[in-house]
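Colleague: Quick one: the structure is below, and I'll ask about it shortly.
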Amino acid sequence: VVCERSDVFASACAVARAFPLFTRRSASSRRTEKKHVTVEFVVFSLQICLSNAADGVRLAARIVDTPCSEMNTDHFLDEIKAVGSELGITPVIIRGEELKQRGFGGIYGVGKAAEHPPALAVLSHTPDGATQTIAWVGKGIVYDTGGLSIKGKTTMPGMKRDCGGAAAILGAFKATIKQGFKDNLHAVFCLAENSVGPTATRPDDIHTLYSGKTVEINNTDAEGRLVLADGVVYASKDLSADIILDMATLTGAQGISTGKYHAAVMTNSEQWEGACVRAGRSSGDLAHPLVYCPELHFSEFTSALADMKNSVADRENAQSSCAGLFIGSHLGFDWPGIWVHVDIASPVHAGERATGFGVALLMALFGQASDDSMLNQVSPLGAPTNKPEDKMERDCKRRRLV
Ligand SMILES: [Zn+2]
């Protein structure tokens, strides 16, 4: 591959997306013969970063492509343990009835009807000399039937992909730590299968989440926000994170808001909003901001009986923003840290295939704390919005286009 130095990272991640790992085509078919594709980037001393990033993208895509008959919560935990053992990290796992006992009413309530119990799993990297604590929290719904508010026969296929946020965080964590990372980084996985059964959560049930807030369930298909609310509060209370980013295939409305190619980003920090957009451009995992206005939108969740409902009153009022606000409300809108919410419902796949979306975005967005010079280079943070070099680069590109 021959490209501009500034495009190397995005190009390598794009190539990785084109060569997925998962297939169950039978061995007799000629199309499943193993083929080796060698992609060479002629860039001095930066290849290790590119191959780790490519591995991360393909790990995430493989998990998302794998159907729930194979990728249930047991198997997802095996994937987390495998990454942990490669990095020398033992995951913390809270599972099944222990979730209920410890107050994780969101994750437990969503996953309790499934054959394979729900889990909260955490991989932690805590190097000496760290100056801040970052937590990535991923939605890992290994299958979403919608629960008792069940999806239809045309809207359910593809719901194996509802673990795309957690898969991206696992791929990004593996690649990021392998490249060396100076700050504390925790990957928090909220794993559950939203299933139908006699013990399934009913509409009208009221659950107490890990935040202590009560939620009247009016739609069991709005389950991602429930597991993520528990995850972000765990990151703030138990991990003392300064920066919390949650990533999720959260709303169908994300595609309406920002389309198939751009993740929707919502954050309480203007600086991070801009950084997400720039990290999207430098990584190829594009992102665009959503409206962030809790003072006008949070009333969509008003409940007469509990602190809030879990699904909005008016689905035509900034639905993707509202879904994100539900998560933020459990942290508290006055929480002093930085909170970033990334909805990847549409870009998680392109047609029938997973894209591994989110891995490159996370690596780039947090690249300033990396030991790797390429990730430092693609990271937008700490850099003023209109650096003269950026402008020069843009002018160069413009000239080439002319
Ligand atoms: Zn759902």
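Quick note: the coordinates plus some simple rules give every number you see, no bench work behind them. Here the structure is a predicted model, which means the values were calculated and not measured. Cβ placement follows ideal geometry from the backbone for every residue including glycine, while neighbour counts extend to all protein chains displayed.
Colleague: List the pairs whose first member sits in region 256-274 and is closer than 22 Å to Leu381 by Cα, whose second member is among the aromatic types (Phe, Trp, Tyr) and surrounded by fewer than 20 Cβ atoms within 10 Å (Cβ to Cβ), and whose Cβ atoms are under 8 Å apart, counting only residues at least 6 apart or on separate chains?
Modeller: Listed pairs, sorted by first residue: Asn268/Phe333; Asn268/Trp335.
Colleague: Of all helices (runs of 4 or more DSSP H) completely enclosed by region 56-163, which ones contain at least 2 residues that are surrounded by 22 or more Cβ atoms within 10 Å (Cβ to Cβ) and within 16 Å of the ligand (Cβ to nearest atom)? Lay out the reasoning, then the answer.
Modeller: Numbers: elements: 73-87, 97-101, 105-111.
The qualifying helices (runs of 4 or more DSSP H) are 105-111.
Colleague: Kindly evaluate Thr251 against the criterion of being within 16 Å of the ligand (Cβ to nearest atom) and within 25 Å of Glu352 (Cβ to Cβ). Don't jump to the end; show me each part of the working.
Modeller: Numbers: within 16 Å of the ligand (Cβ to nearest atom): yes; within 25 Å of Glu352 (Cβ to Cβ): yes.
For Thr251, the condition - within 16 Å of the ligand (Cβ to nearest atom) and within 25 Å of Glu352 (Cβ to Cβ) - is met.
Colleague: Only helices (runs of 4 or more DSSP H) wholly contained in region 251-358 count here; list those with 1 or more residues that are buried (at least 22 other Cβ atoms within 10 Å of the Cβ).
Modeller: Of the helices (runs of 4 or more DSSP H) lying wholly inside region 251-358, those with at least 1 residues that are buried (at least 22 other Cβ atoms within 10 Å of the Cβ) span 253-258, 270-283, 319-331.
Colleague: Taking Ala192 as meeting all but one of (1) touching a helix residue (DSSP H, G or I) at 6+ places or on another chain (Cβ under 6 Å); (2) over 20 Å from Glu115 (Cβ atoms); (3) among the hydrophobic types (A, V, I, L, M, F, W, C), write down the number of the exception.
Modeller: Of (1) touching a helix residue (DSSP H, G or I) at 6+ places or on another chain (Cβ under 6 Å); (2) over 20 Å from Glu115 (Cβ atoms); (3) among the hydrophobic types (A, V, I, L, M, F, W, C), only one is false for Ala192: (2).
Colleague: Being within 27 Å of Val359 (Cβ to Cβ), in contact with an Asp or Glu (Cβ under 7 Å, 6 or more places away or on another chain) and small (Gly, Ala, Ser) is the requirement here; does Ala130 meet it?
Modeller: Values: within 27 Å of Val359 (Cβ to Cβ): yes; in contact with an Asp or Glu (Cβ under 7 Å, 6 or more places away or on another chain): yes; small (Gly, Ala, Ser): yes.
Yes: the conditions hold for Ala130.
Colleague: Another question, if that's okay. Using the structure shown, decide if Leu239 is within 16 Å of the ligand (Cβ to nearest atom), within 19 Å of the chain's Cα centre (by Cα) and more than 30 Å from Ala14 (Cβ to Cβ). If you could, list the steps in order and put the result at the bottom.
Modeller: On the way: within 16 Å of the ligand (Cβ to nearest atom): no; within 19 Å of the chain's Cα centre (by Cα): yes; more than 30 Å from Ala14 (Cβ to Cβ): yes.
For Leu239, the condition - within 16 Å of the ligand (Cβ to nearest atom), within 19 Å of the chain's Cα centre (by Cα) and more than 30 Å from Ala14 (Cβ to Cβ) - is not met.
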